[in-house]
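Peer 1: What follows is a single structure, and I will ask about it in a moment.
The values are calculated or read from the model by the stated rules, or taken from the named source; none is laboratory data. Note that the structure is predicted; figures quoted are calculated from it, not measured. Counting neighbours? That spans all protein chains shown, and the Cβs are built from the backbone with ideal geometry, glycine included. Side chains included, ligands, DNA and RNA excluded: accessible areas come from the protein's heavy atoms. Shrake-Rupley method; radii C 1.70, N 1.55, O 1.52, S 1.80 Å.
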Amino acid sequence: MSTNKIPAGVHRATAIPESLQEGTTEKGTEQIALQLFLEDLGETVTTFLYFSDKAAKYSIPKLKAT
């Protein structure tokens, strides 16, 4: 993975299934970490998705989009 800053915007990405890690934050919120390959940039990044009552409404659509 490069240390270059990823330009803002929407990028076509493919999830790397074997990179999935599940866990819980110190406050008890369920979370996952997942690596995404950004096809248009040739870069791999890690995204963290949280599943608290407030965050799930954002995390679930992001997960479906990958």
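Peer 1: How far is it, in nm, from the label point at residue 21 to the one at residue 44 when both lie 7 Å from their Cα along the line to the Cβ?
Peer 2: If labels sit at residue 21 and residue 44, their model points lie 1.3 nm apart.
Peer 1: Taking amide hydrogens as modeled 1.01 Å from N in the peptide plane, which residues meet the under 5 Å criterion relative to residue 13, leaving out close sequence neighbours?
Peer 2: Under 5 Å from the amide H of residue 13: 39.
Peer 1: Taking the Cα centre of the chain as origin, sum charge times position over the Cβ atoms of Lys and Arg (+1) and Asp and Glu (-1), and report the length of that vector in debye to the nearest 20.
Peer 2: 280
Peer 1: Helix 56-65: angle to the longest alpha-carbon principal axis of the chain, degrees 0 to 90, nearest 10?
Peer 2: 40
Peer 1: Stretch residue 32-residue 10 to full length: gain in nm at 0.36 nm per residue minus the Cα-Cα span?
Peer 2: Full-extension gain reported as 5.8 nm.
Peer 1: Something else now. What net charge do the residues around residue 59 carry, taking every other residue with its C-beta under 12 Å from that of residue 59, with Lys and Arg at +1 and Asp and Glu at -1?
Peer 2: The answer is +2.
Peer 1: Quick one: 3J(HN,Hα) in Hz for segment 6-18, Karplus 6.51/-1.76/1.60 with θ = phi - 60°, rounded, Gly and Pro as x.
Peer 2: Residue by residue, segment 6-18 yields 6, x, 4, x, 9, 10, 6, 9, 10, 6, 9, x, 6 Hz.
Peer 1: If you don't mind, there's one more thing I want to ask. Quick check for you: with a 1.4 Å probe and neighbouring chains kept, what is the accessible area per residue of the chain, in Å²?
Peer 2: 79
Peer 1: Further question: Stick to Cα atoms and the Kirkwood definition of Rh, then tell me Rg/Rh for the chain.
Peer 2: Taking Rh as the inverse mean 1/r over Cα pairs, Rg/Rh reads 0.99.
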